[in-house]
Amino acid sequence: MKLQSCSRGQDLYIYLSGELDECSVKEMRARADRLIDEHAGLSRAVFNLAGVKFMDSTGIGFLIGRYKKLQRYGMTMLLEAPDRNADKVLTVSGVYSLIPKI
């Protein structure tokens, strides 16, 4: 699993690629949380999932956890360009009712 990030204006962009599952989520959680803490004054965080080829329930938990963390900072979370497989998991699980897809 790879994580890259950048900030543009009031937005933090987090680009994820690889498999978002139990094996990778612990490290990704720590890295994403550190980025969120460092950019706490921004308006929103956009998680780009174009490179996520596999996601299971652990990945959903990862996203929900980051959503809750961002809410504590008053930041909005959006999901961008999910891969077809990740999109199916997110649709079936109802995540989009909580975290909008752009």
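Listed values, structure above:
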quantity: Residue in the range 84-93 that is within 18 Å of ALA32 (Cβ to Cβ) and exposed (fewer than 14 other Cβ atoms within 10 Å of the Cβ) present; calculated: no
quantity: Single condition GLU22 does not satisfy, out of (1) touching a helix residue (DSSP H, G or I) at 6+ places or on another chain (Cβ under 7 Å); (2) within 24 Å of SER97 (Cβ to Cβ); calculated: (2)
quantity: Some residue of the range 34-42 being within 15 Å of VAL95 (Cβ to Cβ), acidic (Asp, Glu) and over 10 Å from the mean Cα position of the chain (by Cα); calculated: no
quantity: Candidates LEU70, LEU63, filtered to the one that is surrounded by 14 or more Cβ atoms within 10 Å (Cβ to Cβ), over 19 Å from GLU22 (Cβ atoms), of a type in the set (A, V, I, L, M, F, W, C) and modelled with pLDDT of 95 or more; calculated: LEU70
quantity: Single unsatisfied condition, TYR13 versus (1) under 10 Å from the mean Cα position of the chain (by Cα); (2) more than 24 Å from GLY94 (Cα to Cα); calculated: (2)
quantity: Of all residues making up the range 59-86, the number that are touching a residue at least 24 places away in the same chain (Cβ under 8 Å) and more than 12 Å from the chain's Cα centre (by Cα); calculated: 4
quantity: Residues that are surrounded by fewer than 14 Cβ atoms within 10 Å (Cβ to Cβ) and under 19 Å from ASN85 (Cα atoms), drawn from the range 23-55; calculated: CYS23, ALA50
quantity: Contacts under 9 angstrom Cβ, first residue in the range 1-26 being closer than 12 Å to ASP56 by Cα, partner β-branched (Val, Ile, Thr) and in a helix (DSSP H, G or I), 6 or more apart; calculated: LEU20/THR58; LEU20/ILE60; ASP21/THR58; GLU22/THR58; CYS23/THR58; SER24/THR58; VAL25/THR58
quantity: Test: residue in the range 46-53 that is within 11 Å of the chain's Cα centre (by Cα), farther than 17 Å from VAL25 by Cα and touching a residue at least 40 places away in the same chain (Cβ under 8 Å); calculated: yes
quantity: Test: residue in the range 23-46 that is of a type in the set (Ser, Thr, Tyr), closer than 17 Å to LYS2 by Cβ and in contact with a strand residue (DSSP E or B) (Cβ under 9 Å, 6 or more places away or on another chain); calculated: yes
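The values are calculated or read from the model by the stated rules, or taken from the named source; none is laboratory data. If you're wondering where the values come from, they're calculated on a predicted model, not measured in any experiment. Quick reminder, even Gly has a Cβ in these numbers, built from the backbone with ideal geometry, and neighbours come from all protein chains shown.
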